[in-house]
Amino acid sequence: MNNIEEDKVKTAIQNHGICVLIPTYNNAGTLSCVLSDVLKYTSNVIVVNDGSTDNTADILDRFKGKIHVVSYAKNKGKGGALKEGFKYAISKGFEYAVTMDSDGQHYASDIPVMVKAIIENPGSLVVGERDLSKVDINGKSSFANKFSNFWFTVQTGKRLKDTQTGYRVYPLKKLYGLSILTSRYEAELELLVFAAWNGVKIVSVPIQVYYPPQLERVSHFKPALDFTRISILNTILCFAAIIYGIPARLWSGFRDKRFFSGEFKRFTRSKGKQRDASITIGRLFRSIYGLMFFLFWSCFLFTPYVFYVRNFGRNNEKAKYGLHRMLQWISKRIVRALPATHIKISGIDKDDFNEPKLIVSNHQSHIDLPVIMSLSPKMVFLTNDRMRNNKFFGKIVHEAEFLPVSAGIEEIMPKLQNLKSRGYSIVVFPEGTRSEDDSIQRFHQGAFYLAQELNLDIKPLVLHGAGYYLRKNDALFRKGDIELAGLPVVKRTDLAELPLRKQASRLRQIIRTEYDNIVSLTENSDYFKSLVAYKYDYRGWKVVSVCKKVLSFNDLAKFIDKQEEKKIRIINSGYGVFALLYAYVNKSAEIYAYEEDIDKYKIAIATSNIPKNLHFIHSVFNESYEDLSFDKTISLEGCMKVCSETNLVKVPLVS
């Protein structure tokens, strides 16, 4: 490892409050080399001199000022040494302790591996897994390890391949059973068992190990005595597993929200593909209510009315106008009854539809039709065949004289001339289809050919929020307000000199300008909260809990809305929740979200339809933090203490 990489590890160790704890007893022959190697990575070194009787004290004096030393005269055993070391580390404010043996079997070069594992899995207990098949180890030690592995599984329900390794990282705030820790080697097994019982995540990573020839080893392992003691301990732990372990595991699972931790795919996926917004109970009931409301008016009032008019009523202008008035009346009630939304209509005058016009609007959703139909009874729509053939409202569309685009201009032009002469405006969606992301697509020229042939002025309408409320290819309603804005009438004479292609482009630009204005005024953090929540719903109890905590933060708007910076760095954004919301609101900014926690990173990148301006990055030793070209760095409270730049903003959230 070169000096630059070592410096990155040193920085990470310092930032995360990590120390290296080395208990030693009569290992003077190897201690100096071990300390020299460890000091390449950190000066946060604590050596516990466990009553050594050799020249260990002299060696430690040579490192005076470079390491911390805890020393006492009487040997307490490895368990006792660890206990003293942990107490000292906690008193110095360290968060984690990497434990190593002083006999040279552990390589300091594996410290980056251990540090990386704890950064990726914060709060975990990291175990260095040795490959004992490649070293010269005696049969008794091999049996002891397998023996310990077996009883660990019995007592905790978890499997580990190496429970006897001393190369570990302990989360100092999650040391359970420390007060009753035994004094010898079996203490390390106790710490593992109590950690597992109390819900501490145990992560195993491969490490190197060196065993000198057996005749050269300094070993304090006493087979008969130690096996007897370990057997007694395992017997006690098996009873404790029933009395204490199982209740503790249940409580810790509830406390840490580990129950229901998996993704509920029936609600989050469709045909194996992740939904843009999860199905929720609220969405389901709102959509059923909306559908039942529509079907009630359609099936029990309007359809019978159409049947009566067609078969028994008079086929005159008054009857046809009455049908349109009925359609407007029902549309108003449907629009008002839509759950979890408010319809805002502006720029529409009651006299706008006194004279026939070509009404041009962007197209976002099935909701577009009832919203526009609620404005006036003197409207007909150009529709597609799917609407005319719909079994629920196809007959209504037919009787209301809505015309199919597929019939062709030549066939429908005489009918349009007739409708114009009777005072009806023609409603056209020049995009031809709804967009996937609510963007305004290219306008087709056909609509403006109609305006030219029918000599109609054009009334532009702008729809916003309808596609967000009812997404294309999604049958369930979301939460979100809808706005319909009317723009000033464009006179036919103002467009007469332009070719149809430029007429289409001109109207698209007019509508898009107003649409962008509405977006800038309305699409803030409050607007997108529900969508972000839908994306994280049913992806695990803890995930949903963190998502709700971020979204319910009172001052969220202060950190997200109306931001002018163009290149943003976000550190540890809570499964990506904060970064996702920031990217939705600030579409012109490039967002780089750094997630150290590997589980949070995987959940963040698995989110459906991540905006193109959002980039999730898994960074452990944080070389990317050295890039100072960001306009702003946002750090959620509770993440690592990095970034001393003046542009650092801390959001008081715990992610």
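Only residues that are at pLDDT below 85, hydroxyl-bearing (Ser, Thr, Tyr) and surrounded by fewer than 17 Cβ atoms within 10 Å (Cβ to Cβ) were counted across segment 142-174, and they come to 1. Being within 24 Å of LYS318 (Cβ to Cβ), at pLDDT 90 or above and in a strand (DSSP E or B), is that true of even one residue in segment 360-368? Checked segment 360-368: no residue is within 24 Å of LYS318 (Cβ to Cβ), at pLDDT 90 or above and in a strand (DSSP E or B). Number of residues in segment 156-193 that are part of a helix (DSSP H, G or I) and within 18 Å of THR228 (Cα to Cα) equals 5. ALA196 falls short on exactly one of the conditions (1) part of a helix (DSSP H, G or I); (2) farther than 20 Å from GLU129 by Cβ; (3) among the small types (Gly, Ala, Ser), and that condition is (2). Restricting attention to segment 479-502, does a residue exist that is touching a His at 6+ places or on another chain (Cβ under 6 Å) and either in the same structural domain as ILE440 (by TED's automatic domain parsing) or assigned to a loop (DSSP other than H, G, I, E, B) (or both)? Taking every residue of segment 479-502 in turn, at least one turns out to be touching a His at 6+ places or on another chain (Cβ under 6 Å) and either in the same structural domain as ILE440 (by TED's automatic domain parsing) or assigned to a loop (DSSP other than H, G, I, E, B) (or both).
The set of residues in segment 342-362 that are surrounded by fewer than 21 Cβ atoms within 10 Å (Cβ to Cβ) and over 19 Å from LYS420 (Cα atoms) comprises HIS342, ILE343, LYS344, ILE345, SER346, GLY347, ILE348, ASP349. Close contacts from segment 352-377, counting a first residue that is under 21 Å from THR513 (Cα atoms) and a second that is assigned to a loop (DSSP other than H, G, I, E, B) and not charged (D, E, K, R), with Cβ to Cβ under 7 Å and a gap of 6+ residues or different chains, come to LEU358/LEU456; VAL360/PRO430; SER361/PHE429; ASN362/ILE440; HIS363/PHE429; HIS363/THR433; SER365/LEU470. With respect to (1) out of contact with any strand residue (DSSP E or B) (no Cβ under 7 Å at 6 or more places or on another chain); (2) crowded, with 21+ Cβ neighbours inside 10 Å, the lone exception for GLY177 is condition (2).
Could you grab me the full set of residues in segment 76-106 that are touching a Phe, Trp or Tyr at 6+ places or on another chain (Cβ under 6 Å) and either surrounded by fewer than 18 Cβ atoms within 10 Å (Cβ to Cβ) or charged (D, E, K, R) (or both)? LYS78, the sole residue that qualifies. Only a single item in (1) under 21 Å from THR383 (Cα atoms); (2) basic (Lys, Arg); (3) surrounded by fewer than 20 Cβ atoms within 10 Å (Cβ to Cβ) is not met by ARG471, and it is number (3).
Per-residue answers, yes or no, for (1) without any contact (Cβ under 8 Å) to a residue 24 or more places away in the chain; (2) surrounded by fewer than 16 Cβ atoms within 10 Å (Cβ to Cβ); (3) in contact with a Ser or Thr (Cβ under 6 Å, 6 or more places away or on another chain); (4) within 25 Å of LYS116 (Cα to Cα):
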{"site": "ASP7", "(1), (2), (3), (4)": "yes, yes, no, yes"}
{"site": "ALA12", "(1), (2), (3), (4)": "no, no, no, yes"}
{"site": "LEU21", "(1), (2), (3), (4)": "no, no, yes, yes"}
{"site": "ASN26", "(1), (2), (3), (4)": "no, no, yes, no"}
{"site": "LEU35", "(1), (2), (3), (4)": "no, no, no, yes"}
{"site": "VAL38", "(1), (2), (3), (4)": "no, no, no, yes"}
{"site": "ILE46", "(1), (2), (3), (4)": "no, no, no, yes"}
{"site": "GLY51", "(1), (2), (3), (4)": "no, no, no, no"}
{"site": "ASP54", "(1), (2), (3), (4)": "no, yes, no, no"}
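The values are calculated or read from the model by the stated rules, or taken from the named source; none is laboratory data. Quantities reported herein were computed from a predicted structural model and do not represent experimental measurements. FYI the Cβ positions are ideal-geometry reconstructions off the backbone, even for glycines, and counts take in every protein chain you see.
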